[in-house]
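Asker: Below is one structure. I have some questions about it.
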Amino acid sequence: MTRDWKQFLLFLISPLLLLLVWWWVAAAGWYSDDILVSPAAVWATLEELIANGELALHLKASFFRLLTGFGLGAVAGVLFGIWMAISPRVEAFALPLFQGLRQVPTIALIPILILLLGVDEIFKVIIVTKAAFLTVALAAYDATKGVSKNYFEVARIYHLPKTTLYRKLIVPAITPPVFTGLRIAFSRSWTILVAAELLAADSGIGQMMQLGREMFRLDVVMVGVVITGLVGFSIDKLFKWAEIRLIPWPAAAKA
Amino acid sequence: MQNSFYKWVPDWRGWVLPILVILAWDAMSRLDANHAYAFASLGQIWDGVVGLCQSGELLVNVHASVQRALTGLLLGASAGFLVGSLVAVSRTANILITPIYHAIRQVPLLGLVPLFALWFGNGDTSKLIVVSLSAFYPVVLSTFEGMWQVDRKFNEVGQVYRLSRWQIYRRITLPAALPQVFTGFSLALAFAWLATIGSELLFTAGAGLGNLMMNAQEASRMDVLIIVTFVIGVLGYLMSLLIKLASAHLFKWRQVH
């Protein structure tokens, strides 16, 4: 325990130093306010944005898109990924299209989607859904393909019913890697949502930053950067925490 | 022999869905005037290809994007390699750099765009910084992990032979970590390409495939958007293929073990 604490305190040195240098340079007044604002000013802006409810409004809008899009994409992705791995026919038909789609970064689809769907809510939800679906589907596909053939043979020899096969073999075997896929998909969804909001939105944390950029409000932009970082970090930690809690068994042996 | 031959003949079933998608798209564009505006027909897309090639627009922007991706990759990966090595070799550097590295890495890369726009403007400098950063992150991590995992016994051998710290790094740590460093490098390439397109979409000044797309979106040119998206996918695929081949060639010696 004491060692961990010592390590933790040592790791605080450089961030605190950085903060101090930032504060000192800002106080020296070498740069104008749209180049460098002091940490105190950023903090004040954060308090103001919390007090007038603006931040909550933006976060609510962003979270709604993130959760809806990710929820749809993840559920569809897990189901489709498993289906594609289990059925040779689905695999033969769908996998090449999947591999092709994978080559195009999701962000490159933003202009096409804007032209097709406009800049409304649906566009932002769909781009997040797409990002989540493809990542999760491929993770579920790889995970299911990775389940050792021996297990399936044993199941066949014992004439295991389909439901038992799923409940006792496939689901437990693929849960750890699929969970990792979900975590990666969530952080990708968050990134793509922020980018989409920067490009076209009337609300959301990305739009708040974009507005700050247009009005040369560096303090607002800084608050946005910190908040997006915190959100990404917390979600990642949440997934890792849940992974330990929900999945007590280790990843199965690979084929 | 026969098996390897059949491997090269693509399964016809794989073509069904892509062709259906294309046909459905084309059918949508023929429905009525409204749809013709939103969906570009195959004929329009072909005309777009001819137009973009003849005007040289495609070539100019492909050149700008690829050059940006490779420059950023080179800058970011070199810096990442240096920082990763430093953190792996020196405990002081580890304590000072690691927390800041992990803190900054939490921010989605494109979330930094508004900040960079205020600091470095709306053009090539900001784009290059975003691309370099995207390549920097994975190389730091893979370099550090690669060097950290080098068997302590190897280092002890070096100490027995009274090699200097630099010699141990140069002769033992670096060669042992190289394959993993390269893994990070190939990851960095994929990220750099993504960051190139993303930064070009968000920083409006200058040339690049992303900028070409934004202009096409404003002019409602779906044909151009489809073509450019396709080109982005193909270029990304070719670059990752190149890295894969290079990796297989460079690390042949590794498979002996």
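Asker: Could you please give the count of residues in the stretch A:212-238 that are surrounded by fewer than 19 Cβ atoms within 10 Å (Cβ to Cβ) and not small (Gly, Ala, Ser)? Show your work before the answer.
Answerer: Going through the stretch A:212-238, the residues surrounded by fewer than 19 Cβ atoms within 10 Å (Cβ to Cβ) turn out to be A:214-216, A:226, A:229-230, A:233-238.
Restricting the remaining residues to those that are not small (Gly, Ala, Ser) gives A:214-216, A:226, A:230, A:233, A:235-238.
Result for the stretch A:212-238: 10.
Asker: Can you pull out every residue in the stretch B:107-135 that is surrounded by fewer than 18 Cβ atoms within 10 Å (Cβ to Cβ) and either within 20 Å of the chain's Cα centre (by Cα) or under 17 Å from residue A:187 (Cβ atoms) (or both)?
Answerer: Scanning the stretch B:107-135 gives B:123, B:125.
Asker: Still on this structure, please answer the following. Which fully enclosed helices (runs of 4 or more DSSP H) of the stretch B:1-106 have 2 or more residues being away from chain A (no Cβ under 13 Å) and within 27 Å of residue B:236 (Cα to Cα)?
Answerer: In the stretch B:1-106, B:2-8, B:13-29, B:42-55, B:57-89 are the helices (runs of 4 or more DSSP H) which contain 2 or more residues that are away from chain A (no Cβ under 13 Å) and within 27 Å of residue B:236 (Cα to Cα).
Asker: In the stretch A:28-50, how many are without any contact (Cβ under 8 Å) to a residue 24 or more places away in the chain and either in contact with a helix residue (DSSP H, G or I) (Cβ under 9 Å, 6 or more places away or on another chain) or under 13 Å from residue A:223 (Cβ atoms) (or both)?
Answerer: 8
Asker: Hey, another quick one. Can you pull out the residues in the stretch B:25-82 that are over 22 Å from the mean Cα position of the chain (by Cα) and of a type in the set (Val, Ile, Thr)?
Answerer: Kept after step one, since they are over 22 Å from the mean Cα position of the chain (by Cα), are these residues of the stretch B:25-82: B:25-57.
Listed by number, the residues that qualify are B:45, B:49, B:50.
Asker: Here's something else I'd like to know. Please work out which one of (1) assigned to a helix (DSSP H, G or I); (2) without any contact (Cβ under 8 Å) to a residue 40 or more places away in the chain is the condition residue B:117 fails and give its number.
Answerer: If we test residue B:117 against (1) assigned to a helix (DSSP H, G or I); (2) without any contact (Cβ under 8 Å) to a residue 40 or more places away in the chain, just (2) comes out false.
Asker: Give the number of residues within the stretch A:85-129 that are within 11 Å of chain B (Cβ to nearest Cβ), of a type outside the set (A, V, I, L, M) and within 30 Å of residue A:148 (Cα to Cα).
Answerer: Residues flagged as within 11 Å of chain B (Cβ to nearest Cβ), of a type outside the set (A, V, I, L, M) and within 30 Å of residue A:148 (Cα to Cα) within the stretch A:85-129 amount to 10.
Asker: Residue B:141: part of a helix (DSSP H, G or I), closer than 19 Å to residue B:70 by Cβ, modelled with pLDDT of 90 or more and not polar (S, T, N, Q), yes or no?
Answerer: no
Asker: OK, next. Does at least one position in the stretch A:194-210 carry a residue that is within 10 Å of chain B (Cβ to nearest Cβ), buried (at least 21 other Cβ atoms within 10 Å of the Cβ), of a type in the set (D, E, K, R) and part of a helix (DSSP H, G or I)?
Answerer: Within the stretch A:194-210, one or more residues are within 10 Å of chain B (Cβ to nearest Cβ), buried (at least 21 other Cβ atoms within 10 Å of the Cβ), of a type in the set (D, E, K, R) and part of a helix (DSSP H, G or I).
Asker: Next question. Could you please find all residues in the stretch A:12-63 being among the polar types (S, T, N, Q) and either more than 14 Å from every other protein chain (Cβ to nearest Cβ) or closer than 18 Å to residue B:115 by Cα (or both)?
Answerer: A:32, A:38, A:45, A:52 - these are the residues of the stretch A:12-63 that are among the polar types (S, T, N, Q) and either more than 14 Å from every other protein chain (Cβ to nearest Cβ) or closer than 18 Å to residue B:115 by Cα (or both).
Asker: Looking only at the stretch B:186-227, filter to residues that are assigned to a helix (DSSP H, G or I) and of a type in the set (S, T, N, Q); which one of those is nearest to residue B:44 (Cα to Cα)?
Answerer: Checking each candidate, the answer is B:217.
Asker: What number goes with the only condition from (1) closer than 13 Å to residue B:99 by Cα; (2) touching a helix residue (DSSP H, G or I) at 6+ places or on another chain (Cβ under 9 Å) that residue A:16 does not pass?
Answerer: Going through (1) closer than 13 Å to residue B:99 by Cα; (2) touching a helix residue (DSSP H, G or I) at 6+ places or on another chain (Cβ under 9 Å) one by one, residue A:16 breaks only (2).
Asker: Pick out the one residue from A:156, A:217 that is more than 20 Å from residue A:65 (Cα to Cα), within 12 Å of chain B (Cβ to nearest Cβ) and among the basic types (Lys, Arg).
Answerer: Going through A:156, A:217 in turn, the sole match is A:217.
Each row is one residue, and each column tells you yes or no for (1) among the aromatic types (Phe, Trp, Tyr); (2) in contact (Cβ under 8 Å) with a residue 40 or more places away in the chain.
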site: A:178; (1), (2): no, yes
site: A:190; (1), (2): yes, yes
site: A:196; (1), (2): no, yes
site: A:199; (1), (2): no, yes
site: A:205; (1), (2): no, yes
site: A:209; (1), (2): no, no
site: A:223; (1), (2): no, yes
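Asker: Another one. Kindly indicate the residue of the stretch A:139-192 that is among the hydroxyl-bearing types (Ser, Thr, Tyr) and in contact with a Leu (Cβ under 7 Å, 6 or more places away or on another chain) and also modelled with the lowest pLDDT among those meeting that condition. Spell out the reasoning first.
Answerer: Kept after step one, since they are among the hydroxyl-bearing types (Ser, Thr, Tyr), are these residues of the stretch A:139-192: A:141, A:144, A:148, A:151, A:158, A:163-164, A:166, A:175, A:180, A:187, A:189, A:191.
Narrowing further to those that are in contact with a Leu (Cβ under 7 Å, 6 or more places away or on another chain): A:151, A:189, A:191.
On the way: A:151: 85, A:189: 95, A:191: 93.
Result: A:151.
Asker: Shifting gears a bit: Which numbered condition trips up residue A:66, out of (1) touching a residue at least 24 places away in the same chain (Cβ under 8 Å); (2) more than 14 Å from every other protein chain (Cβ to nearest Cβ); (3) surrounded by 15 or more Cβ atoms within 10 Å (Cβ to Cβ)?
Answerer: The one condition residue A:66 does not meet is (2).
Asker: Which condition number does residue A:166 fail, the rest of (1) buried (at least 21 other Cβ atoms within 10 Å of the Cβ); (2) assigned to a helix (DSSP H, G or I) being met?
Answerer: (1)
Asker: List the number of the failed condition for residue B:122; all other conditions in (1) within 13 Å of chain A (Cβ to nearest Cβ); (2) at positive phi hold.
Answerer: Condition not satisfied by residue B:122: (2).
Asker: Here are some conditions: (1) assigned to a helix (DSSP H, G or I); (2) within 13 Å of chain A (Cβ to nearest Cβ); (3) more than 25 Å from residue B:21 (Cα to Cα). Residue B:173 meets all but one. Which one does it not meet?
Answerer: All conditions pass for residue B:173, except number (2).
The values are calculated or read from the model by the stated rules, or taken from the named source; none is laboratory data. If you're wondering where the values come from, they're calculated on a predicted model, not measured in any experiment. Cβ: placed from backbone, ideal geometry, glycine included. Neighbour counts: every protein chain shown.
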